[in-house]
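Reading through the structure tokens given below for one structure.
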Amino acid sequence: MDHRVKPVDRRRLYFNINFMKAFIQAITYALPDLVVTNEDLVQEFPEWSVEKIADKVGINSRHIASENETSADLALRAAKKLFEEHPEFKKESIDFIIFCTQSPDYFLPTSACVIQEKLGIPTSCGALDVNLGCSGYVYGLSLAKGLLLGGIARNVLLLTGETYSKFMHPKDKGNRTIFGDAGSATLVSSYGFAEIGNFSLGTDGRGAENLMVKSGGMRFRVQFNDLQFEENGNPLSSDHLYMNGSEIFNFTIDAVPPLIEDTLVKNNLSRDDVDGYVFHQANKFMINFLRKKIKIEPDKFYTYMSEVGNTVSNTIPIVLTEKLKENALKGNIILAGFGVGYSWGGTVLKFNV
């Protein structure tokens, strides 16, 4: 057996050294053209007022996908926008596409494969879908970072897209005031303006039924046709989006404070080291309650919800994009996603490193 030391493959060494860190290199988002305002909703639900909706959920309007517009269409629009805004980034350089959605175009094939072809990205690119909701962007960053650090990819295009509006019953005034549709695109690479830190992730499937569309999948393929209306006139149906608001609220209040502490520990940070927080934009009441419970100063707590609503996995990249336009992000920014699953995730973005 030959025990002589083999010569170093310098090309391989260079590859590994360059992928010891992962960064966000570019980010943007796209919205459907159709806008539904609180005034529009009050026309359908006259028992509500514009002021009541805005005060309760902190949302004035939301963008809703058209009948033939899908989550993949919105993600595709965001990706095209990213390449238009950054012509220095070439589609040929993309090694992997991750698409986070809970409303895919088809059961199969994966929507990421369809997006690859429509974007004109080389067939040497890997592509997959991730079925996650409000924690999905943080999970997506963790997967993208893992691909880079594992030497599997050099440039990962992380896409999110969601059209919860297609799951909602037309009479569901509660969910219709909260949710909007959107798509986002983030380029993750070995260099950029924000280093991606370490992750804290968690799951508790015991809460799965508290935010669910029960029929349509393989467990219950045929619709239940069990629509009924509760005493307040809200629809209850296994064939549409169901959200137990009180249980989701209780889960969030229990899960998010420890998530923030664990994220700090895993990134060797103290509260004094944090320059800002971007939480999933669930609704005004919930995130303000969390801010006060965790004792976060208002000027460190970034939001962007009033004109887009709760866009599920898109909320965090939308806030990041808007605050980047304002040059408001610096130092250590904690991201926290939480919701359907139950699922939660946190990380730190290190700006100006």
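The values are calculated or read from the model by the stated rules, or taken from the named source; none is laboratory data. Nothing here was measured: the structure is a model prediction, and the numbers come from that model. Here the Cβ positions follow ideal geometry from the backbone for every residue, glycine too, while neighbour counts run over all protein chains shown. Remember, those area values only see protein heavy atoms, side chains included, never the ligands or the DNA or RNA. Shrake-Rupley method; radii C 1.70, N 1.55, O 1.52, S 1.80 Å.
Quick look at the values:
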| item | result |
| --- | --- |
| Accessible area of the chain belonging to carbon and sulfur atoms, whole % at 1.4 Å probe | 52 |
| Region 242-353: C-alpha pair distances exceeding 22 Å, % | 27 |
| Cα radius of gyration and Dmax for region 289-339 (Å) | 11.3, 29 |
| Cα-Cα over 31 Å, subset of Lys293/Lys350; Lys293/Lys323; Lys56/Lys118; Lys80/Lys293; Lys90/Lys145; Lys166/Lys295 | Lys56/Lys118; Lys80/Lys293; Lys166/Lys295 |
| Highest-first arrangement of 291-298, 61-68, where packing means the average Cβ count within 10 Å | 61-68, 291-298 |
| Folded to 0 to 90 degrees: helix 71-85 orientation relative to the chain principal axis, Cα | 50 |
| Beta bridge orientation in the chain: antiparallel %, DSSP, nearest 5 | 70 |
| For region 132-257, alpha-carbon Rg and Dmax in angstrom | 18.2, 56 |
| Translational diffusion of region 37-126, µm² s⁻¹ [Kirkwood Rh, Cα pairs; Stokes-Einstein; 10 °C; 1.306 mPa s] | 100 |
| Between helix 284-294 and the chain: long-axis angle, C-alpha atoms, 0 to 90°, nearest 10 | 60 |
| Accessible area expressed per residue, the chain, with surrounding protein chains retained (probe 1.4 Å, Å²) | 48 |
| Principal-axis tilt of helix 136-149 within the chain, Cα atoms, nearest 10 degrees | 10 |
| Relative pair counts by distance (%), Cα atoms of the chain, 10 Å bins | 5, 25, 33, 23, 9, 3, 1, 0, 0 |
| Peptides ranked, highest mean first, by Cβ atoms within 10 Å: ranges 97-110, 174-187 | 174-187, 97-110 |
| For region 106-186: span of alpha carbons on each principal axis (Å, largest first) | 48, 24, 19 |
| 15 Å reach of a label modelled at Asn60, 7 Å along Cα-to-Cβ, counting backbone N of region 284-311 | 304-309 |
| 10 Å-binned pair-distance histogram of region 207-247 (Cα, whole percent) | 29, 53, 17, 0 |
